[in-house]
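FYI, it's all coordinate maths here, none of it is from the lab. Computed from a predicted model, the values in this text were never measured in an experiment. Please note: Cβ atoms are built from the backbone with ideal geometry, for glycine as well, and neighbour counts cover all protein chains shown.
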Amino acid sequence: MARSVFSIATSEFQAEAIVNELQVAGFSNLDISVLLPDKARLLRQAKAPVSGATGGTLGWLAGIRAISIPGAGPFIATGPVLAALSGSAVGGSSRGIAAALSGMGMARQDAEESEQKVRGGNILVAVHSENPESANRAKAIFEQAGTIGIVMAVENEIGAAPPEIRGEKWERW
């Protein structure tokens, strides 16, 4: 059964280091998700000069793009989290990030806490995993990097109830 491991990085430098480590450990760019506030677009909207969007390792991730989340603002996202945010189930929800994370199997409370941290300027880094061994490898990378709020979730099938309703196991480290 597929799993996702989620964590919160407190800086782009930390997020890029984590992504590098995940790539070295053999995780595909398609399985790595990143979600961060689009500070460059926020600054442009405030009519301030800006140097550009995220670069470095994060800029190399597959499918990275700017998105606008209703009620939350502009973000940069990639990977399975981007797909979840783009899903029609999230639509016009003002709790778009939490709804997307819940849809990926994260418990509602953890999803809401993660949304608040990302809205506050932190960066969500997540990994999709097909087996427990690679999920534990991702967890070890997140721990080594000193991230906060590491959560493992069993991924939902489309339209499935969240884990707390289904009675499935999810873990928070």
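For PHE13 and ASN29, the difference between the fully extended length at 0.36 nm per residue and the C-alpha to C-alpha distance is 4.0 nm. Converting phi to 3J(HN,Hα) with the Karplus coefficients 6.51, -1.76 and 1.60 and the offset θ = phi - 60°, the range 139-150 yields 4, 5, 5, 4, 4, 4, 7, x, 6, 10, x, 6 Hz in sequence order, with x at every glycine or proline. For ASP38, the residues whose amide H sits under 5 Å from its own are PHE75, ILE76, ignoring neighbours fewer than 5 places away on the same chain, with H placed 1.01 Å from N. If R0 is 45 Å, the Cβ-Cβ spacing of ALA140 and SER68 corresponds to a FRET efficiency of close to 0.85.
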